[in-house]
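Visitor: Can you keep this structure in mind? I'll have questions shortly.
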Amino acid sequence: MQSADPYLNLWLAGLVIVLLAGLNAPLGLVAVQLVIAGMGIATRPDLVWIVGPVMLWVWIGALALQFAADLYFIPATAKDRSYLNPQRVVNAYLHARFQSLVRPAAAALAFAALPLPLPAQSAAVIGFVGGAAVYWTTAWIREQVAISRGALLLVLLELGKELAGLIIAGLVAFLPLVALALVLGPALLTTLWAARLQRERSLYGPLGGQVASEDS
């Protein structure tokens with residue numbers, strides 16, 4: 001039985017792409033390449049450059065760099081400052097500010113590239129707002145986990161996020177609804193867990209582990 005909306009799968013794929021770009025900018029751009037190829041559709045003419053063969057390798061290279069950066073620039077709590085290189089703390093702050101721009105921008109480009117039945121400018125705005133919401137939610141989660149559970153668990157959480165993102169990017173062109181469920185399910189559980197960590201911490205007095213204000 002055919003869907004009443006012929007664009008339904010494309011809308012679902014676009015939503016997954018925005019979520020992936022909010023988690024990892026190059027991953028969202030790789031995912032849009034896979035969707036365009038897997039669904040056999042054409043991108044918008046003015047954004048065809050982001051899905052060219054050369055750009056695929058550019059996004060894959062950027063993805064490898066982003067993978068390493070997300071694992072290296074872990075938010076530092078105040079008690080960590082005594083043994084961390086000060087320049088690394090500054091670099092982590094700059095990395096966070098850079099990601100707050102590049103992830104929403106990648107989400108805007110990727111979503112606008114899909115041939116959805118709405119103007120490209122509107123699609124770009126939707127993608128940017130969605131990517132920004134995902135970025136700031138993950139930044140808050142990273143902060144709560146860093147304060148309450150430490151950097152080691154945060155590294156494991158980041159590693160799981162990156163590996164799951166790669167799997168979901170491979171599925172989105174063929175099973176967009178499954179890919180969306182795989183994104184939203186763990187994301188919701190992780191957000192609820194971070195909220196619980198925040199509530200638990202409010203019940204206890206300061207233990208010397210408050211996060212530095214710029215390391216969100």
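FYI, it's all coordinate maths here, none of it is from the lab. Bear in mind that the values here come from a model prediction, so they are computed numbers and not experimental data. Cβ atoms come from the backbone with ideal geometry, glycine included; neighbour counts cover every protein chain shown.
Visitor: With a cut-off of at most 14 other beta carbons within 10 Å, and DSSP calling the residue loop, which chymotrypsin sites (Phe, Trp or Tyr not before Pro) in segment 95-189 qualify? Please list them.
Guide: Taking segment 95-189 and a limit of 14 other Cβ atoms within 10 Å, the loop chymotrypsin sites (Phe, Trp or Tyr not before Pro) found are PHE174.
Visitor: Something else about it: In whole Hz and in residue order, list the ³J(HN,Hα) couplings for segment 127-137 that follow from phi through the Karplus curve 6.51 cos²θ - 1.76 cosθ + 1.60, θ = phi - 60°; x for Gly and Pro.
Guide: Per residue, the Karplus-derived 3J(HN,Hα) values read x, 5, 5, x, x, 5, 4, 5, 4, 5, 5 Hz.
Visitor: Mind ranking 120-127, 16-23 by how tightly packed they are, going by the mean number of other C-beta atoms within 10 angstrom, highest first?
Guide: So the peptides 120-127, 16-23, ranked by packing, come out 16-23, 120-127.
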